[in-house]
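J.: Questions regarding the structure given below will be posed in turn.
The values are calculated or read from the model by the stated rules, or taken from the named source; none is laboratory data. Just so it is clear, the structure is predicted and the values come from calculations on it, not from any experiment. Backbone-built Cβ (ideal geometry, glycine too); neighbour counts: all protein chains shown. Side chains included, ligands, DNA and RNA excluded: accessible areas come from the protein's heavy atoms. Shrake-Rupley method; radii C 1.70, N 1.55, O 1.52, S 1.80 Å.
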Amino acid sequence: MPLLPRVDEMYVDENQVSHALPGQDFGSRVELALAATNHLFNTRNSTRYVAQVLQGVNAVATKLDRTSQPFTGVGPAEMKERIGAVDLDRPLPDTAAALEELESVYLRDAIYFHDAKYAAHLNCPVVIPALVGEAILSAVNSSMDTWDQSAGATMIERRLIDWTAERRQLGAAADGVFTSGGSQSNLQALLIARNHAVAGLRQEPANAGLRLPALVEKLRVFTSADSHFSIRKSASMLGLGFDAVISVPCAADHKMDPAALAEAMAEAHDAGLVPMAVVATAGTTDFGAVDPLAELAALARAYGAWFHVDAAYGGGLMVSGRYRHLLDGTRLADSVTVDFHKTFFQPVSSSALLVRDGAMLQHVTYYADYLNPESAALAAIPNQVDKSIQTTRRFDALKLWLTLRIMGADAIGALFDEAIDLATRVGSVLAADDDFELAAAPQLSTLVFRYRPRVAGASPSAADSDGRLSEDASDIVNPAIRAAIFASGQAVVAGTKVAGRHYLKFTLLNAEATLEDISEIIELLRRTGAQLLANAGATGVSA
Ligand SMILES: *Cc1c(COP(=O)(O)O)cnc(C)c1O
């Protein structure tokens, strides 16, 4: 293997590339085009490719070394101005200059998910093997729609789908496809469920000749009140209407209540409606609750409804050493959503939709003569576009492939286990802290809580009967704490609402974050809250 060129030689090489504006320094279009071809990823430019990508990687690594908090606190107006000031019609002399500029328009003020004080959303710290994959897949630029744009990439994706389906025990006929994220996976699942239900309705003589809009009129989707908003959004996009989704109440632990589902399905059935799908969640976004999958599956089956499990968050449990049993019930699913870009520590984007019966993917199969003619399918040419709602599609599977080949599945599971155990310990800390109220015991790696200290001696309007800050005041101070901390950049926490009340939320996914790190965030929340209450008191504004 030839040695890589020295970096200083590569820089010299890059500097020989002239940049100029059309019609300015360059005499002719020919010269401009010649210079432009120096930017193409090809054999002639491989030295430049390595040099420039390494400069980019180096800029990020340098940034990492200098980052000591998750955010700078910059506001949208300032970023808009800085980015607006860039003249996009006047390129910079070289990559180094562009990266230097990028420092001020992006890198300096980005949100950093590797930082132990980032504790807000499910977007995760990423593993290095996946970053190697990311660099490779975008350079080769395979597109997953057709075999003639992907070749081995298609087989790698298929092998990973099989691997995932096997882990989920979906059976020999299972299949699936990588998607851009959980929302897309859920949309495709519901699209398949809708078309499956419509195909059933078309068998009835009374429905002969009816078009799709008439047939979807009676379809209903059942999901818990705590399920992801992409379920309702999908129903809306699929022409069922937002209100075709029936919200099933949860028990106190935020898991869907099977008795309530049975009641809701019976009621719909009696009203002449058609239960199209039951969507269970394996790891709700706020509470990490895993719905009682086996009981919900049985009810779905009893009504002939599709059973979809949204394991966008909980998917990583399948490689967990300690908690994989939580996903046992997914073996009963007709389809499953898994987000690798959450609990498999993959960079955005990487998600999959799995189906128990691979033939169901035909509900999204359309043939185009110029891309994937039916003759290709008949000749068993594996065109993945036949299974996807996307056409041109990234080879995101490569990231997971390299992760499994370099780290192994157990190592990924160990990272998630660490986050879950940290959440358990933080839960105990918050439960024992009189200034905070935990909304529920942690189930995966999230904590929902609020700052609601005892306010001895405060005016009666500021305190509820339990002597704590009133719920109304708490509704003002908690979002204010979150905003103040975000603006300081010292930590990033999320917010949510429970029964109409404002709460704070930690989503923990960083296996290197310690209890001390999170305790420091808790102290920051407490100090900020106390300060806000003191200020409100001083100005006479009742919080
Ligand atoms: C994050 C999440 C989704 C959406 O996934 P994206 O990858 O953000 O599109 C869906 N369902 C649940 C339960 C989630 O937590």
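J.: Report D for the chain in µm² per second (integer): Stokes-Einstein, Kirkwood Rh on Cα pairs, 10 °C, 1.306 mPa s.
T.: Stokes-Einstein gives a translational diffusion coefficient of 61 µm²/s.
J.: Hey, another quick one. Which value, in Å² and to the nearest 10, is the accessible area of HIS341 when all protein chains are kept and the probe is 1.4 Å?
T.: Accessible area of HIS341: about 20 Å².
J.: Once ligands and nucleic acids are excluded and a 1.4 Å probe is used, how much of ARG356 is accessible, expressed in Å² to the nearest 10?
T.: Accessible area of ARG356: about 70 Å².
J.: Right, next: Size of the dipole of the range 143-390 about the Cα centre, Lys and Arg at +1 and Asp and Glu at -1 on the beta carbon, nothing else charged, in debye to 20?
T.: 220
J.: Next question, about the same structure. Which shape class, rounded, prolate or oblate, goes with the range 258-309 when its Cα gyration tensor gives a ≥ b ≥ c as root eigenvalues, a/c under 1.5 marks rounded, and past that a/b bigger than b/c marks prolate?
T.: prolate
J.: Further question: Under 8 Å for C-alpha pairs, at least 6 residues apart: give me the relative contact order for the range 143-390, rounded to a whole percent.
T.: Worked out over the range 143-390, it gives 26 percent.
J.: Please state the shape class of the range 411-536: rounded when a/c is under 1.5, otherwise prolate if a/b exceeds b/c and oblate if not, all from the C-alpha gyration tensor.
T.: prolate
J.: For the peptides 46-53, 485-492, 359-366, what is the packing order when you average, over each peptide's residues, the other Cβ atoms within 10 Å and list the highest mean first?
T.: 485-492, 46-53, 359-366
J.: Please calculate the 1.4 Å probe accessible area of GLU101, with all protein chains present, and give it to the nearest 10 Å².
T.: 70
J.: How much of the accessible area of the range 143-390, in percent, comes from carbon and sulfur atoms when a 1.4 Å probe is used?
T.: C and S atoms contribute 55 percent here.
J.: Additional query: Could you list, in their original order, any pairs among LYS342/LYS387; LYS63/LYS399; LYS255/LYS505; LYS233/LYS342; LYS218/LYS505; LYS255/LYS399 whose Cα atoms are separated by more than 29 Å?
T.: LYS218/LYS505; LYS255/LYS399, as the Cα separations exceed 29 Å there.
J.: Quick one: putting +1 on the C-beta of Lys and Arg, -1 on the C-beta of Asp and Glu, what dipole do you get for the range 35-130 around its Cα centre, in Debye to the nearest 20?
T.: 260
J.: While we're here: Give me, ordered by chain and number, the residues 5 or more places off ALA225 or on other chains with an amide H under 5 Å from its own placed amide H.
T.: The answer is VAL248, CYS250.
J.: Given Cβ point charges of +1 (Lys, Arg) and -1 (Asp, Glu) and nothing else, what value in debye, to the nearest 20, does the dipole of the chain about its Cα centre take?
T.: With Lys and Arg at +1 and Asp and Glu at -1, about 580 debye.
J.: Between ALA96 and ASP270, what is the FRET efficiency for a Förster distance of 60 Å, r being their Cβ-Cβ separation, to the nearest 0.05?
T.: Between ALA96 and ASP270 the formula returns 0.30.
J.: Show ILE128, ILE192, ILE246, ILE476 ordered by accessible area, largest first, where the area counts protein heavy atoms only and the probe is 1.4 Å.
T.: Largest accessible area first, the residues go ILE128, ILE476, ILE246, ILE192.
J.: Still on this structure, please answer the following. Quote to one decimal, in nm, the extra length available between ARG66 and HIS325 on full extension: 0.36 nm per residue of separation minus the C-alpha distance between them.
T.: The span from ARG66 to HIS325 would gain 89.2 nm if fully extended.
J.: While we're on this one: How far apart, in nm, are the 7 Å Cα→Cβ label points at ILE111 and SER519?
T.: Taking the simple label geometry, ILE111 and SER519 are separated by 2.7 nm.
J.: With every protein chain left in place, what is the accessible area per residue of the chain in square angstrom, probe 1.4 Å?
T.: 47
J.: Follow-up question, since we're still on this one. When the helix-only estimate is applied to the chain (DSSP H runs of n ≥ 4, each -39,500 (n - 2.57), divided by the residue count), what is the mean residue ellipticity at 222 nm, nearest 500 deg cm²/dmol?
T.: Computed ellipticity for the chain at 222 nm equals -13000 deg cm²/dmol.
J.: I would also like to ask the following. For the pair ILE136 and PHE242, how long in nm is the line joining their label points, each one 7 Å along Cα→Cβ?
T.: Output for this residue pair reads 4.5 nm.
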